[in-house]
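Engineer: Below: one structure in structure tokens.
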Amino acid sequence: MSAIDKLLHQVAWDPLDFLIIDTPPGTGDTHLSIIQNIPVTGALLVTTPQKAALEVTRKGADMFKRLNIPIIGIVENMSNVVCPKCNNEITLYNGGTKMMAEELGIQFMSMTYVYIHVLYVGTTFFF
Ligand SMILES: [Zn+2]
């Protein structure tokens, strides 16, 4: 039994208004297992703006469309960073998520910042 089957069928859930499942990127067995086992109201896509991430997100959008799962919208994570020296906002990539959302007819919902302390912890080579 997969971890997702255990989550859905072996957890003593109280009555739920919503169940939000954060899945790994892509279009793998996890997504199909969820779609086949529970009613899915919609998918919210979250991506970072790098080309490789957008390609994975595009495949996910295609999968949800093929399976008639409504796509609620798309959120771009790690869009900008505020320079620690001059406080200017720096766009890390060039709005690729918004362009992809428009092309696919998906609502672009928001952009989020990268926080400097996260960069220091997560990618020590960045600065
Ligand atoms: Zn600066």
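The values are calculated or read from the model by the stated rules, or taken from the named source; none is laboratory data. The model shown is predicted, which means the values in this text are computed figures rather than measured ones. All Cβ positions, even for glycine, are placed from backbone atoms using ideal geometry, and neighbour counts span all protein chains on display.
Engineer: Would you confirm whether any residue within segment 63-79 is within 16 Å of the ligand (Cβ to nearest atom) and at pLDDT below 95?
Structural biologist: Of segment 63-79, the ones within 16 Å of the ligand (Cβ to nearest atom) are none.
No, every residue in segment 63-79 fails to be within 16 Å of the ligand (Cβ to nearest atom) and at pLDDT below 95.
Engineer: Looking at segment 53-68, is at least one residue loosely packed, with under 13 Cβ neighbours inside 10 Å, under 20 Å from the mean Cα position of the chain (by Cα) and among the hydrophobic types (A, V, I, L, M, F, W, C)?
Structural biologist: No, segment 53-68 has no match at all.
Engineer: If you scan segment 80-98, which residues turn out to be charged (D, E, K, R) and within 8 Å of the ligand (Cβ to nearest atom)?
Structural biologist: Passing the criteria: only K85.
Engineer: If a residue counts only when it is touching a strand residue (DSSP E or B) at 6+ places or on another chain (Cβ under 8 Å), which helices (runs of 4 or more DSSP H) contained entirely in segment 1-111 have at least 2 such residues?
Structural biologist: Result: 51-66, 96-104.
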